[in-house]
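Shown next, in structure tokens, is the structure this report addresses.
The values are calculated or read from the model by the stated rules, or taken from the named source; none is laboratory data. Since this is a predicted model, take the numbers as computed values, not measurements. FYI the Cβ positions are ideal-geometry reconstructions off the backbone, even for glycines, and counts take in every protein chain you see.
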2 protein chains.
Amino acid sequence: MTNLYSNMNGSDIIITSRIRLARNIKDIPFPHELDENKSNEIIDKVYGTLSGDNLQGIGPFHLVRFNNLSSAERFSMVERHLISKELISNASKSATILNENENVSIMINEEDHIRLQVMMPGFKLKEALNYANELDDIIEGKIDYAFDNKLGYLTSCPTNVGTGLRASVMLHLPALSISKSVGGIRNTLNQVGMTIRGIYGEGSSSECSIYQVSNQVTLGLSEGEIINSLIAVVSKIVDQEKAARQVLNEKQGKELEDDLYRSIGILKYARMLSSHEALNLLSNVRMGIDMGIIKDVKPEVVNELIVKVQPATLQLQSDKELSGAGRDELRAAIVREAL
Amino acid sequence: MTNLYSNMNGSDIIITSRIRLARNIKDIPFPHELDENKSNEIIDKVYGTLSGDNLQGIGPFHLVRFNNLSSAERFSMVERHLISKELISNASKSATILNENENVSIMINEEDHIRLQVMMPGFKLKEALNYANELDDIIEGKIDYAFDNKLGYLTSCPTNVGTGLRASVMLHLPALSISKSVGGIRNTLNQVGMTIRGIYGEGSSSECSIYQVSNQVTLGLSEGEIINSLIAVVSKIVDQEKAARQVLNEKQGKELEDDLYRSIGILKYARMLSSHEALNLLSNVRMGIDMGIIKDVKPEVVNELIVKVQPATLQLQSDKELSGAGRDELRAAIVREAL
């Protein structure tokens, strides 16, 4: 299964960089005010801009409609960060456009008509922005965007008005999680118009210590300013995570090593694994690899498992509908197999 | 390292059978009233009866004095069930006589002058009693025992007067432990003059579900009666353990399997293991093997580890004095190595 993590080179603290541009079509109401016919017109219109041949080597793209997909297929796309939950809550009126390796996803009729998303493994915000801008130019060449000379791009939610840019970086922060430092970082980030949140699990907690740092404000800032301040902030968090790992290693080296190895032991032998436990253990193993403590597990395997063990993506790997216990068994089997 | 468990054939619920005969020498005060000189005379006298050549193929025997042994060496002998703690609390006045494979241990100047102990793997109370009687006859051929025609053999503690026989069976009862049934069994046994107690750990709890069932009363019963009633009681407990395992398997088969496999995973990967945790996990693995759930671990390996992981025996496997954490690391390393 293709997923972002499979593209990762090695096992860094920074997992992926993501750029999302919010765009709307001129003189058409925002999606929540549209009926199905009108929504479908927009889907066709946007997809039309990318289905031609003259795309400067970008593409090919294909359209994904949700009415043909099972619930597991839809939610697996959320788990793989291709689309938002909001997009499928409005499944009859929405769609997404994907490229072949699924690092581009252009959501249509989410909160805005167009949410163009580009993801790249590692710390590549500028590269992702360049790629997103190329795609944006192609679409803008054929569609008039809602744009105000003073405000910039107009969006459904005021926080996106301006550049319409949300830049984010996905980070693996196990040592900062263990030392309970993420709350402090959150407070600091809020003061500079940025945010950090757990990717898996509810609210601020993160089941496998994977967090997303992103800008909150787009109005009054240029794209370059947004990207540069995010790069500065993320670089600082990476340094903090490295320092926290070193402290952890110095203060509780043996306990840490024991903990990380036990995580492999359980992953390799358990017959039932909840999503919560599996993610926590995989996070431990990932940190162990990063820190040079664990040497006999390949980081790519762990990275792939982080996606494969999630409920909907897991369901897709079975040919029958699974109960909770059934999922826990299949999850354990897949983990054992992979490790 | 030789230990009882290495002789075990397979992995039954019944681990070992043990016979212990308490004897005292006529007209000499019980050990607690003797000074060092007199104690040493007794040691020499008893060892003298077994150091000759004419022992009907039994032997050879060697004498172990405790003043030459380190604390770890002494306590390792306790952990291997060769001697009692009481014997080494009186180390300057006591000794034991061992045969080569250490299934015979004749403690001298414990509570009684002589405590002759024979252990055999499996359910072999009668065989062990026959062997003990042979040895007893050899000693009695050269030493006059304190014996009363009405009461039988006289012993320091009234509960041993009569045959001086304590027969015991060591059992692995994980399912009865899990279902908290040992307390009920204890009450029943007390009513018929028998007792059950945990071998490792304090009081009634047992760290690796290994228990010893033995007779409490010797007066007024023949050796045969004691052995037969113990055989009957133990057979019943074995049936109860089997039934409890079946219930466990039927009611929580998947959880049980998960639990047992996780135990192997942790044993194989942990970098630190306390004695308590190691024994619990080894007990799980042993049950898993018995129940046919775990197939890739040899029972003999588990049985040996149950002794090897204990604190004093563990210390003997290192050339330097170990701290608590050092023992936990060595224990984990030995377990990993063995599995």
Check: Is it true that some residue in segment B:215-223 is within 30 Å of B:Lys150 (Cα to Cα), part of a helix (DSSP H, G or I) and away from chain A (no Cβ under 14 Å)?
Finding: yes
Next item on the list: Among the numbered conditions (1) charged (D, E, K, R); (2) farther than 27 Å from A:Ser318 by Cβ; (3) over 15 Å from the mean Cα position of the chain (by Cα), tell me where A:Arg65 comes up short.
Entry: (2)
Next item on the list: Keeping to segment B:241-288, report how many residues are within 22 Å of the chain's Cα centre (by Cα) and touching a residue at least 60 places away in the same chain (Cβ under 8 Å).
Entry: 10
Next item on the list: Mind listing whichever residues of segment A:172-191 are β-branched (Val, Ile, Thr) and either in contact with a Ser or Thr (Cβ under 7 Å, 6 or more places away or on another chain) or under 15 Å from A:Cys208 (Cα atoms) (or both)?
Entry: A:Ile178, A:Val182
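The rows are residues; the columns are (1) at pLDDT 90 or above; (2) among the hydrophobic types (A, V, I, L, M, F, W, C); (3) under 14 Å from A:Ala244 (Cα atoms).
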| position | (1), (2), (3) |
| --- | --- |
| A:Thr159 | no, no, no |
| A:Arg166 | yes, no, no |
| A:Leu173 | yes, yes, yes |
| A:Val182 | yes, yes, yes |
| A:Arg186 | yes, no, no |
| A:Gln191 | yes, no, no |
| A:Ile196 | yes, yes, no |
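Residue-by-condition table, conditions (1) closer than 17 Å to B:Leu165 by Cα; (2) surrounded by fewer than 19 Cβ atoms within 10 Å (Cβ to Cβ); (3) in the same structural domain as B:Leu129 (by TED's automatic domain parsing):
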residue: B:Gln212; (1), (2), (3): yes, yes, yes
residue: B:Asn215; (1), (2), (3): yes, no, yes
residue: B:Gly220; (1), (2), (3): yes, yes, yes
residue: B:Lys236; (1), (2), (3): no, yes, yes
residue: B:Glu257; (1), (2), (3): no, no, no
residue: B:Tyr261; (1), (2), (3): no, no, no
residue: B:Ser275; (1), (2), (3): no, no, no
residue: B:Val285; (1), (2), (3): no, no, no
residue: B:Ile289; (1), (2), (3): no, no, no
Check: In the list A:Ser11, A:Ser76, which residue meets the criterion of being within 16 Å of the chain's Cα centre (by Cα), among the small types (Gly, Ala, Ser) and either at pLDDT 95 or above or surrounded by 14 or more Cβ atoms within 10 Å (Cβ to Cβ) (or both)?
Finding: A:Ser76
Notebook entry, point to check: Here are some residues: B:Val78, B:Val118. Which one is touching a helix residue (DSSP H, G or I) at 6+ places or on another chain (Cβ under 7 Å), assigned to a strand (DSSP E or B), closer than 19 Å to B:Ala22 by Cβ and touching a residue at least 12 places away in the same chain (Cβ under 8 Å)?
Noted result: B:Val118
